[in-house]
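Asks: The structure's right below; bear with me while I get my questions together.
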Amino acid sequence: MNIGSITIGIIAFIVLLSIIIIIHELGHLMTAKTFGVYCHEFSIGMGPCLWSHKFTETTLSIRAIPFGGYVMMAGEDDGSEEIEEMRNVPANRRLNGIRAWKQVIIMAAGAAMNILLAWILFIGISMVQGTAVNDNDPIIYSVQEGSPAQEAGLQAGDEILTLECGGETLENVSVTRLSEQVQYYHDEPSFLTVLRDGKELRVELTPSYDADSNMWLFGFDLTSKIEKITPLQSIQVGTQQLGEYSTMIIRSVSKLVQGIGLNSVSGPVGIYQVTAQTASLGLLPFLSLLAIFSLNIGIFNLLPIPVLDGGRIVIVILEKIFRRKLSERVLNAVMLGSFALVIGLMLFATFNDVTRLF
């Protein structure tokens, strides 16, 4: 990889993360402003301030480290009360002083904006392409030499009917679902039932690891149907893609909770690699990746982990139900524990990325 491609990869990585974070924090800012919560600062980036401008009451700042960002709201219990302006804000303009349902909307707005961005991008990409991929009823197009598929006797033209993998039997399996399932259960044999010349054949095969794609593969290429669509139909296609990817992400989280697929988790290094590779393919592939990552961030932030927006929402709801605030000691302990969990997961994911490099 030359210096030029590395530079493009780094820029693409920064742009991708910045857009996702800015959109997320903008969701918090807009809803907080709508409900009258005092917002002291809207920061793009972290670290030392490079530029700032104060509007009516909120300061827009650009900081030196082009990762992250935040909205500093009164009543967030994040240490911002050390600023004199924040200490003098009346209770009805503090996040923790407004109605519980308003707090929930403000906290959920960041994730909602990420999901909305993904939806708009899916629709826009479908509209520009003018086509939709129907990957149901996959048919084997070619079989690679020396691959598990060739050893199992699979041939071009075989139509895949079912996949038995990880104790599940998937019927009418799509190309995407087949690939996803194999990543989770690559250490055990899979069984494919295919249709060949009007007869059903059942074969056993175990995927092999492909370093170039960082995936476990059977070693065959599949064909998908390409259908032309109108601009109006692109709305339906984009919405369908949003639903399919959301289901896939939720399924992935469920598998991780069960301890399945942990070695497939990627961190910043892996994200950078994928971003750099995708950026080299052009604008549309990069926007597709942006949509998928934005959707991932949106859904992940809604998980009931206290340090995330979803966890904070759960705390607000519980406090409303029991009509009492959690003690500061308990809240700090819960936040610290969940923060350690998230950092630990990031370190584990980064370790996975580094081991794949070598």
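Asks: Residue by residue, what Karplus-based ³J(HN,Hα) values in Hz, rounded to whole numbers, does region 144-158 have, using 6.51, -1.76 and 1.60 with θ = phi - 60° and x for Gly and Pro?
Replies: 7, 4, x, 7, x, 5, 5, 4, 7, x, 6, 9, 4, x, 5
Asks: Further question: Give, rounded to the nearest 20 debye, the magnitude of the charge dipole that region 194-260 has about its Cα centre when Lys and Arg contribute +1 at Cβ and Asp and Glu contribute -1 at Cβ.
Replies: 240
Asks: Output ³J(HN,Hα) for region 118-128: one whole-Hz value per residue in order, computed from phi by the Karplus curve 6.51 cos²θ - 1.76 cosθ + 1.60 with θ = phi - 60°, and x for Gly and Pro.
Replies: Per residue, the Karplus-derived 3J(HN,Hα) values read 4, 4, 4, 5, 4, 5, x, 5, 4, 5, 5 Hz.
Asks: Here is a follow-up. Given only helices, namely DSSP H runs of n ≥ 4 each adding -39500 (n - 2.57), what is the per-residue ellipticity at 222 nm of the chain, to the nearest 500 deg cm²/dmol?
Replies: Result for the chain, helices only: -17000 deg cm²/dmol.
Asks: Would you kindly derive the ³J(HN,Hα) couplings of region 330-343 from the backbone phi angles with the Karplus curve 6.51 cos²θ - 1.76 cosθ + 1.60 (θ = phi - 60°), listing them in order in whole Hz, with x for Gly and Pro?
Replies: 5, 4, 5, 5, 5, 5, 5, x, 5, 5, 4, 5, 5, 4
Asks: I've got another one for you. Working from Cα positions, state the angle (0 to 90°, nearest 10) between the long axis of helix 3-34 and the longest principal axis of the chain.
Replies: Compared with the principal axis, the helix lies near 50 degrees.
Asks: Assuming a ≥ b ≥ c are the square roots of the Cα gyration tensor eigenvalues, decide whether region 1-107 counts as rounded (a/c under 1.5), prolate (otherwise, with a/b larger than b/c) or oblate. Let's see the in-between values first.
Replies: Numbers: a/c = 3.11, a/b = 2.06, b/c = 1.51.
Prolate.
Asks: Here's a follow-up. With a 1.4 Å probe and all protein chains kept in place, how do Ile235, Ile321 rank by accessible area, largest first?
Replies: Ranked list, largest accessible area first: Ile321, Ile235.
Asks: Between 0 and 90 degrees, rounded to the nearest ten: what's the tilt of helix 309-322 against the longest Cα principal axis of the chain?
Replies: Once rounded, the angle reads 60 degrees.
Asks: How much net charge surrounds Arg251 when only the other residues with a Cβ under 14 Å from the Cβ of Arg251 are counted, with Lys and Arg +1 and Asp and Glu -1?
Replies: Working: positive: Arg177, Lys255; negative: Glu168, Glu180, Glu244.
Residues near Arg251 contribute -1 overall.
Asks: In the Gaussian network model of the chain, springs joining C-alpha atoms below 10 Å, which of Ile22, Ile317, Ile297 carries the largest mean-square fluctuation?
Replies: With Cα springs under 10 Å in the chain, the top fluctuation among Ile22, Ile317, Ile297 is at Ile317.
Asks: Then there is this: Give, as a single signed number, the net charge of other residues whose beta carbon lies under 14 Å from the beta carbon of Ile62, with Lys and Arg counted +1 and Asp and Glu -1. Could you put the intermediate results ahead of the total?
Replies: Numbers: positive: Lys54, Arg63; negative: Glu25, Glu41.
With Lys, Arg at +1 and Asp, Glu at -1, the net is 0.
Asks: Take the alpha carbon gyration tensor of the chain, find the square roots of its eigenvalues, order them as a ≥ b ≥ c, and report rounded if a/c is under 1.5; if not, report prolate when a/b exceeds b/c, else oblate.
Replies: The shape class here is prolate.
Asks: Right, something else. I want to verify a result. In a Gaussian network model of the chain, Cα cutoff 10 Å, which of these has the top mean-square fluctuation: Gln181, Gln258, Gln155?
Replies: Greatest mean-square fluctuation among the candidates belongs to Gln258.
Asks: Under a crude label model (7 Å from the Cα following the beta-carbon direction), how far is Tyr141 from Gln236 in nanometres?
Replies: It is 2.5 nm.
Asks: Also, quick follow-up: Please state the shape class of region 111-266: rounded when a/c is under 1.5, otherwise prolate if a/b exceeds b/c and oblate if not, all from the C-alpha gyration tensor.
Replies: oblate
Asks: Amide H neighbours of Glu41 under 5 Å, at least 5 residues apart or on other chains, H built in the peptide plane: list them.
Replies: Thr59, Met72
Asks: While we're here: For helix 231-257, what angle does its Cα long axis make with the longest principal axis of the chain, in degrees from 0 to 90 and rounded to 10?
Replies: Taking Cα atoms only, the helix is inclined about 90 degrees.
Asks: Out of residues 5 or more away from Thr131 or on other chains, whose amide H comes under 5 Å of its own, with H placed 1.01 Å from N in the peptide plane?
Replies: Ile229
Asks: Could you tell me the calculated FRET efficiency between Ser5 and Leu284, based on Cβ-Cβ distance and R0 = 25 angstrom, to the nearest 0.05?
Replies: 0.85
Asks: 5 Å is the cut-off here: which amide hydrogens, built 1.01 Å from N in the peptide plane, fall below it relative to Ser280, excluding neighbours closer than 5 in sequence?
Replies: none
The values are calculated or read from the model by the stated rules, or taken from the named source; none is laboratory data. Note that the structure is predicted; figures quoted are calculated from it, not measured. Cβ: placed from backbone, ideal geometry, glycine included. Neighbour counts: every protein chain shown. Ligands, DNA and RNA are excluded from the accessible area calculation, which covers all protein heavy atoms including side chains. Shrake-Rupley method; radii C 1.70, N 1.55, O 1.52, S 1.80 Å.
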